[in-house]
Amino acid sequence: MSAKTPMLRMDGINKVFPGVKALTNVNFRLFPGEVHALMGENGAGKSTLVKVLTGVYASDGGTVTLEGKPIQITTPLEAQEFGISTVYQEVNLCPNLSVAENIFVGREPRKRGRIDWKEINRRAEELLSTRLNLNIDVTRELDSYSVAIQQMIAIARSLNVSAKVLILDEPTSSLDTNEVEQLFAVIRKLKSEGLAIVFISHFLDQIYEISDRITVLRNGNWIGEYMTKELPRLELVSKMIGKELDVLAEASSNKRIFKGGESFLQADQVYKKGKIQPFDLNMNRGEIVGLAGLLGSGRSELARLLFGADKSDGGTIKINGKKVSLNSPKQAITNGIAFSSENRKTEGIIGDLSIRENMILAIQGVKGWFRYIPRKKQNEIVDEYIKLLNINPPNPEQLIKNLSGGNQQKVLLARWLITNPELLILDEPTRGIDVGAKAEIQKLMLSLSEKGMSILFISAELEEILRTCQRIAVLRDHEKVSELENDNGITQQDIMKEMAGGM
Amino acid sequence: MLKRLNINYKHLPILVTVGLFILMYIFGSMRYTGFMSSQVFLNLFINNAFLIILAVGMTFVILTGGIDLSVGSVIALTSMVAADLIMNAQLSPWLVIPISLLVGTTLGLINGCIIHFFNIQPFIVTLAGLFLARGLAYLINIESIAITDPFFDFMAKTRIPIGDSFISISVVIALVVVLIGVYLAHYTNFGRTVYAIGGSEQSAVLMGLPVGRTKILIYTFSGFCASLAGLVFTFYMLSGYALHANGMELDVIASVVIGGTLLTGGVGYVAGSVIGVLILGVIQTIIIFEGTLSSWWTKIAIGVLVLAFIVFQRILVVRSNVKKAAGANNVDIKESSPPLKTKSM
Ligand SMILES: Nc1ncnc2c1ncn2[C@@H]1O[C@H](COP(=O)(O)OP(=O)(O)O)[C@@H](O)[C@H]1O
Ligand SMILES: [Mg+2]
């Protein structure tokens, strides 16, 4: 296969968004009759690369060569004319148009200058049944079909153009196992017909099942191109998250012995369709449980279910042995659960309010907005936490937007600590803050747990998890795959193996 | 049969519209003697020809999820331009007509360009257009200008007999516009792009459809329709006046909504809007026949109908979403032998 010449090359592609360098010198090669997986964590730049290729975004440098000829693609329409078609994660068709029209709109067959509806319906039917083995009524509106079928129709639309390259950007994220198999059958058929296919997915199992070649991106950088057969899963994951394997082999230094407390929260087969598979989770008092997994593996989704920020589709949650329903954050807070979100900027702090006002928000919310907490009481609480958490500047009236990331994070933490929760969920509390603040937050977590608080700690940094947690739950592909005790010298590599799976 | 109704839940609004028109017509015929005459029916068209023309343009705009508030003022401006050129500048009608048509078309083009290139809400842009056009009309003349011109007289007074009743030339113009509208909507790339934009603008862009060009064209077309309606209105009134058609944009929007077009875009028919206009006409006729009722009752009736229709559409959307969540995933894609056929169209 590698003897062939690439059908399409992208060399030295750069793309800058205001404030973000989304792509830096990225290369990409596509061979006919191959499925090429584009891998990287959320935000690595996969979709941006695809959108540069298909003319949705203009690139800020780099060249694209199709079949040996340099080309310039500036609009999606031009990309289609070059035979490059894309099926996006969210189905990008029009729900109000018929299936047939969705396939042909923009290039309808005509008779005497006007659109020939009979011909459209006939051809759509033929295309779907011969190339995708799909027999449906093409005159019905698109949104009368499931997402899986809509996805197929989107593929049919792109095949209808004289396709050379088919790009599938996370097409499987909302499909169930059967539907994925159906999609893969179609991909294999198209591949055997000589199409070059770009496949983006978070599901490692799917990548190893369907792809021939893998390109890895990380933070907008090109990490490398590999044959799938020659790249073990563990290596792929380490390339995606950017850690060398030998560094990860060091044993954990966690010497803390968990004294054990009774169970506080028990989740039993809780799930949400398309977000997280049914999982069990037990949180004991005074225990820190780590949640590890690649970005996009379902970590935040799991946490949001426990906090009632999303509503679960099934399963039971018990607190102190009693069944509770957690359908809203308010219910969760009443049950002693607090949640500090990973999106500090968008879901957490309110920049134009002071430290004091930001801290008092959650407790005021719990008490109800009409039982105003007297200013004197507020000041007492706030001063206490500013001291406890060593918040800088120690001025309660400072606007929070003027604080450093680490101090903002501490204010957020304080906001929840004031409510005196029994279970504290921390989603990436240490992301983007400096080393000193990081250490302080970790220390705080340990001392809180010693006082009997349970903490669910989500972090992308495995060494941090190993340093603080007694137990580690690992997620992969929206599923909780295992739970490790952090006592007998486990290594980051052990966790990564679970994150990668398939071994 | 039931299943088919289920599938075509999106056609329900227009079926309701047609049903409502028929019901109201029957109601009028039973209550008032003389209501059932063919001339009363044809008068619906004669008295509302300009509304029908406006409604065709507005349907396209609303189908994309947009709105054009400037059309009423464009009617006033067109009537002023026509009256001024004919009576004061003494130009030939053969020059006056194309110039008048250009007025609204140009304004529509400008509206469309601002909406597209600066990505500003159509509501805001056409609101500005509303003030601008009305203001320009006053600039030409504050007083009303009566038109005494043989051509305008001819257009106003000619009766085209149909059986023992008649229609006006304006009705013919309106019906031609409707036919063109239907053709554009269903048999041209332009029309299908309009529907696609209403379904999902982002998808339409990614599907490679000429979204920008189409949006500009829609407002241009709406502006053209407004000017044409302005001329027809001028034939009807035989005067130019800056106060003409005050608030008529709202009547048109109401007709389009009552005609079954969703304000969120993507669903609706030109023919539906025509029936929407006729429903407004029937309400007016009924109130005239009633004799004692104030004509403001028309407004009240329209208000109630529009509200009812919007609530009704909302319920349909909610119901169809529920249905989708419950049932849509059950279609088994592996089932390749028995096709899921339910003939329609
Ligand atoms: N339209 C945009 N404007 C600004 N930033 C963007 C835009 N699209 C993507 N980005 C940023 O570019 C980076 C790469 O995003 P993306 O290509 O979507 O990642 P991926 O598909 O690998 O998850 C992210 O940091 C994202 O926030
Ligand atoms: Mg993406």
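Tabulated data
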read-out: Candidate set from segment B:289-318 (those that are outside any helix (DSSP H, G or I) and surrounded by fewer than 11 Cβ atoms within 10 Å (Cβ to Cβ)); member that is modelled with the lowest pLDDT; value: B:SER295
read-out: Within segment A:109-120, considering residues that are part of a helix (DSSP H, G or I) and touching an Asp or Glu at 6+ places or on another chain (Cβ under 9 Å), the one farthest from the other protein chains (Cβ to nearest Cβ); value: A:GLU119
read-out: Which numbered condition B:LEU217 misses (of (1) under 30 Å from B:ILE167 (Cα atoms); (2) away from chain A (no Cβ under 14 Å)); value: (1)
read-out: A:GLY432 being out of contact with any Ser or Thr (no Cβ under 8 Å at 6 or more places or on another chain) and either modelled with pLDDT of 80 or more or in the same structural domain as A:LEU389 (by TED's automatic domain parsing) (or both); value: no
read-out: Residue under evaluation A:ALA414, criteria (1) of a type in the set (A, V, I, L, M); (2) closer than 25 Å to A:LEU484 by Cβ; (3) assigned to a helix (DSSP H, G or I), criterion not met; value: (2)
read-out: Enumeration of residues in segment A:15-31 that are away from ligand 2 (no atom under 16 Å from the Cβ) and either within 14 Å of chain B (Cβ to nearest Cβ) or farther than 28 Å from A:LEU195 by Cβ (or both); value: A:VAL16, A:PRO18, A:GLY19, A:LYS21, A:THR24
read-out: Residues within segment A:478-494 that are within 13 Å of A:ARG299 (Cβ to Cβ) and crowded, with 21+ Cβ neighbours inside 10 Å, tallied; value: 2
read-out: Segment B:215-236, subset surrounded by fewer than 24 Cβ atoms within 10 Å (Cβ to Cβ) and hydroxyl-bearing (Ser, Thr, Tyr), residue nearest to B:THR193 (Cα to Cα); value: B:THR220
read-out: Criterion (more than 16 Å from ligand 2 (Cβ to nearest atom), surrounded by 16 or more Cβ atoms within 10 Å (Cβ to Cβ), within 22 Å of the chain's Cα centre (by Cα) and away from chain B (no Cβ under 14 Å)) met by exactly one of A:ILE223, A:ILE197, A:ILE207; value: A:ILE223
read-out: From the options A:VAL87, A:VAL105, A:VAL52, A:VAL35, residue that is more than 16 Å from ligand 2 (Cβ to nearest atom), assigned by TED's automatic domain parsing to the domain that holds A:LEU134 and under 25 Å from the mean Cα position of the chain (by Cα); value: A:VAL35
read-out: Residue among A:SER98, A:SER59 that is crowded, with 21+ Cβ neighbours inside 10 Å and under 28 Å from the mean Cα position of the chain (by Cα); value: A:SER59
read-out: Qualifying helices (runs of 4 or more DSSP H) (wholly inside segment B:69-176; at least 3 residues being free of Cβ contacts under 8 Å to residues at least 60 places away in the same chain, touching a Phe, Trp or Tyr at 6+ places or on another chain (Cβ under 6 Å) and crowded, with 24+ Cβ neighbours inside 10 Å); value: none
read-out: When residues of segment B:49-64 are limited to those that are among the β-branched types (Val, Ile, Thr) and in contact with a Cys (Cβ under 8 Å, 6 or more places away or on another chain), the one surrounded by the fewest Cβ atoms within 10 Å (Cβ to Cβ); value: B:VAL56
read-out: Subset tally (residues that are modelled with pLDDT of 60 or more, assigned to a loop (DSSP other than H, G, I, E, B) and exposed (fewer than 14 other Cβ atoms within 10 Å of the Cβ)) for segment A:246-273; value: 4
read-out: Residue selected from segment A:162-190 under the condition β-branched (Val, Ile, Thr), away from ligand 1 (no atom under 16 Å from the Cβ) and buried (at least 18 other Cβ atoms within 10 Å of the Cβ), by the criterion farthest from A:ILE276 (Cα to Cα); value: A:VAL165
read-out: Sole exception among (1) within 22 Å of A:LEU446 (Cα to Cα); (2) part of a loop (DSSP other than H, G, I, E, B); (3) in contact (Cβ under 8 Å) with a residue 40 or more places away in the chain for A:ASP352, by number; value: (1)
read-out: Strands (runs of 3 or more DSSP E) within segment A:1-108 that include 1 or more residues more than 16 Å from ligand 1 (Cβ to nearest atom) and at positive phi; value: A:8-17
read-out: Residue within segment A:301-324 that is more than 21 Å from the chain's Cα centre (by Cα) and buried (at least 18 other Cβ atoms within 10 Å of the Cβ) present; value: yes
read-out: Tabulated pairs, segment A:44-55, first more than 12 Å from every other protein chain (Cβ to nearest Cβ), second more than 7 Å from ligand 1 (Cβ to nearest atom) and part of a helix (DSSP H, G or I), C-beta under 9 angstrom, 6+ apart or interchain; value: A:ALA44/A:MET240; A:LEU53/A:ALA79
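Quick grid of which residues meet (1) farther than 22 Å from A:ILE84 by Cα; (2) assigned to a loop (DSSP other than H, G, I, E, B):
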position: B:GLY191; (1), (2): yes, no
position: B:GLN202; (1), (2): no, no
position: B:GLY208; (1), (2): no, yes
position: B:CYS225; (1), (2): yes, no
position: B:ALA229; (1), (2): yes, no
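The values are calculated or read from the model by the stated rules, or taken from the named source; none is laboratory data. Please read these numbers as outputs of a predicted model, since none were measured by experiment. Glycine gets a Cβ as well: all are built from the backbone with ideal geometry, and neighbour counts include every protein chain shown.
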